[in-house]
Every structure is written in structure tokens, then in C-alpha cells.
Amino acid sequence: MVGTFIKWTAVAVCAVGLTGCGTVSTIGKLEDGAGAEASRMWDRWIEAEGDIAVATTWERKVAKGVTTDDIENILRSVASERNMKDVGSLPLSKELEARTGQKQKFLQVYSFCTPTTARRMVDFSPHMAAYLPCRITVVEKEDGLWLYTLNMDMMIKMGRKLPSPLKEEAKAVRDTIFEMMERASKGEV
């Protein structure tokens, strides 16, 4: 009995040790600030009572008086200014209205992409393809319009170190999406 206990304790210690070595090895390959970003996401996840979407997204409340047309024009304007391609939109509320014959709260997804950066990101990590294209969604709620997008800092700060020039290109995409959210939420043309 004691021998079995010692044997299983040794197995457990080895398993923890090996996992720990893998963790230490992985941490050395991450971008600076990865831990701080993971901590911010963890805090948001806890505050949201386990809603992972809250932890992994950015949101902005749209200022009163800013219309959906204003938002769309600003998103497209910023994309054009920053050489990001507008690759389409998905007017979900209009589709639901057509299907049901009933007025729906506004819900539309806008998609943007920088094709060369997208290709390089997918070459770096094929799983990044699941995040393509960059999207900003406009959601009408009881208290007004809101903008939602993926937390782009996860891509920049939490993953394996991106090689140059991919790191700079990814940061430019992140900064463009952030600017789109900021300007559209304030109605700043």
C-alpha cells in the first residue's frame, strides 16, 4: 500500500514537473506583455461570470446621435485611410426582417482585411485563418448602438513572438481596428 502511494506520488510529481518544463519553455517564446494581457482577459472573464466572449472582445458604446450610416461611413473611411480592404458586410437584421416580416434591432457585421498580412499570419499559424477577416459588428441594444470586435491584443501580445515585418504589420492592423472602433463610436469622421 505504501509502495503504491509512493509510486503514484512519484508519477504525479514527474507529470507536474514535465508540464512545468513545457510551460517554462513556452513562456520563453511569448511576446513581452503576454502575462499582463492574459491577466486582463482573466479578470474580464471572471467579471463576466465565465462569458468567454466578454474576455476576448473589445466593445464601445456609440455616442448619442451617431447613426448606423455614420458608423458605416467612418469604418470605411478609416479602412481606406489605413490601406485596409473593405471585404463586405453581413446585414443580419435586414435578413431577419426579410425572413420574418417583422422589424428587427440593427445587427450588421462589417469585414475588413489586409490580404498580405492575412497571408503571412496564416503562414505563421494556420489557425489564425479562423480569425479572418477582421470584423466589427454593430449591435442595437435597449440602450443604443454598440460596436464589438475581437480583442486584437491577444494576437499581438499573447502568442508566440511574431517575426519582423509580420509583427509590425499585425500591429498596424490592430491599430486600424482600434481606430475604427474609437472613431465610429464617437462619430468622428
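Summary of values
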read-out	value
Hits in region 43-73 (condition: under 18 Å from Gly144 (Cα atoms) and either among the β-branched types (Val, Ile, Thr) or touching a helix residue (DSSP H, G or I) at 6+ places or on another chain (Cβ under 7 Å) (or both))	Trp58, Arg60, Lys61, Val62, Ala63, Val66, Thr67, Thr68, Ile71
Test: residue in region 2-13 that is open to solvent by less than 90 Å² (accessible area, probe 1.4 Å), at positive phi and at pLDDT below 95	no
From the options Ser25, Ser77, residue that is of a type in the set (Gly, Ala, Ser) and more than 20 Å from Ile177 (Cα to Cα)	Ser25
Any hit, region 96-106, residues being surrounded by 14 or more Cβ atoms within 10 Å (Cβ to Cβ), farther than 26 Å from Ala129 by Cβ and in contact (Cβ under 8 Å) with a residue 24 or more places away in the chain	yes
Near pairs, Cβ below 6 angstrom, 6+ apart or cross-chain, from region 126-145 (acidic (Asp, Glu)) to any residue that is at pLDDT 95 or above and in a loop (DSSP other than H, G, I, E, B)	Glu140/Lys105; Glu140/Phe106
Residue match in region 64-80 (condition: farther than 21 Å from Lys186 by Cα and over 14 Å from the mean Cα position of the chain (by Cα))	no
Output for region 79-120, where each listed residue is part of a loop (DSSP other than H, G, I, E, B) and of a type in the set (Lys, Arg)	Arg82, Lys103, Lys105
Cβ pairs under 8 Å, 6+ apart, first in region 164-189 and over 14 Å from Trp146 (Cα atoms), second of a type in the set (Phe, Trp, Tyr) and surrounded by 19 or more Cβ atoms within 10 Å (Cβ to Cβ)	Thr176/Phe112; Ile177/Phe112
Test result for Lys186, more than 22 Å from Met41 (Cα to Cα) and among the charged types (D, E, K, R)	yes
Residue check, Asp32 at pLDDT below 95 and not in a helix (DSSP H, G or I)	yes
Number of the exception - Pro133 against (1) open to solvent by 40 Å² or more (accessible area, probe 1.4 Å); (2) in contact with a Ser or Thr (Cβ under 8 Å, 6 or more places away or on another chain); (3) not basic (Lys, Arg)	(1)
Hey, Arg160 surrounded by fewer than 18 Cβ atoms within 10 Å (Cβ to Cβ), modelled with pLDDT under 95 and among the basic types (Lys, Arg) or not	yes
Single residue of region 79-95 satisfying the filter (open to solvent by 30 Å² or more (accessible area, probe 1.4 Å) and either modelled with pLDDT under 95 or of a type in the set (Gly, Ala, Ser) (or both)) that is farthest from Thr149 (Cα to Cα)	Ser80
Candidate set: region 55-78, residues that are in a helix (DSSP H, G or I) and open to solvent by less than 50 Å² (accessible area, probe 1.4 Å); chosen: the one nearest to Lys167 (Cα to Cα)	Val78
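The values are calculated or read from the model by the stated rules, or taken from the named source; none is laboratory data. Predicted model only: the values in this text are computed from it and were never measured. FYI the Cβ positions are ideal-geometry reconstructions off the backbone, even for glycines, and counts take in every protein chain you see. For the accessible areas, the whole protein counts, side chains as well, though only heavy atoms, and no ligand, DNA or RNA atoms are used. Shrake-Rupley method; radii C 1.70, N 1.55, O 1.52, S 1.80 Å.
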